[in-house]
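The structure under discussion appears below in the form of structure tokens.
Every number here is computed from the coordinates shown, using simple stated rules; none is lab data. Keep in mind the model is a prediction, meaning the values are calculated, not measured. For neighbour counting, all protein chains shown are included, and Cβ atoms are generated from backbone atoms with ideal geometry for every residue, glycine included.
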Amino acid sequence: MATMRLWVLAAVFFWTANALAMEDPVIGYVKTVQGEAMVLAAGETIQAEPGTPLQLGYVLKTGSEGSMGVTLKDNTVMSLGPDTELVVDDYLYSPSKGDLKLDASMSQGSLNYISGVIAKLKPEAVSLKTPAGNIGIRGTHFLVTVEGKD
């Protein structure tokens, strides 16, 4: 009987670990927030605060007097200014396997970007889409402003 319980517990443990591994992995964290800043995830609006985990596809949004600082797992730093909307569309960070990619899209606002490991190891794997066109990241630091929809 004790052996049966042990097998059941082991099965539950491995099933739970497998289910957790299937979830979208955390790609970074909110580091700083001033004013109104939120994360839109799966139809939910979460008030951003330092330590908020970020996953692929989350919408990062700031209000008219808000700002938010984000650090991704590869140490990419993004500072969003007021009235900014940004989404990380694709993110791969597994340097040992050569899997490196960072694609983001920004519909409005301002972004101060400082390259992390992905851009340093494989610059062509990083891009930012805006309504005016795509920005290929070849340097380590840039500032972009996108006019909002009026």
For segment 47-56, take each phi angle, set θ = phi - 60°, evaluate the Karplus expression 6.51 cos²θ - 1.76 cosθ + 1.60, and give the result in whole Hz per residue in order, putting x for glycine and proline. 5, 6, 8, x, x, 4, x, 10, 10, 3
So who's got an amide H within less than 5 Å of the one on G66, skipping anything under 5 residues away but keeping other chains? H placed 1.01 Å off N, in plane. E36, D83
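Round to the nearest 0.05 the FRET efficiency obtained for S96 and Q55 when R0 = 25 Å and r is the Cβ-Cβ distance.
For R0 = 25 Å, the calculated efficiency reads 0.70.
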By the scheme Lys and Arg +1, Asp and Glu -1, what is the net charge of all other residues having a beta-carbon under 13 Å from that of P95? +3
Subtracting the Cα-Cα distance of N112 and F142 from 0.36 nm times their residue separation yields 10.2 nm
From the backbone phi of segment 112-120, what are the Karplus-calculated ³J(HN,Hα) couplings (6.51 cos²θ - 1.76 cosθ + 1.60, θ = phi - 60°) in whole Hz, Gly and Pro given as x? 9, 10, 10, 4, x, 5, 4, 5, 6
Spin-label pair E65/Y29, simplified geometry with 7 Å Cα→Cβ offset, distance in nm: 2.9 nm
Measuring from a point 7 Å past the Cα of D103 along Cα-to-C-beta, which residues in segment 58-72 have an amide N at less than 19 Å? 58-60
Have a look at the DSSP beta bridges in segment 25-146 and tell me what percent are antiparallel, nearest 5. 90 percent
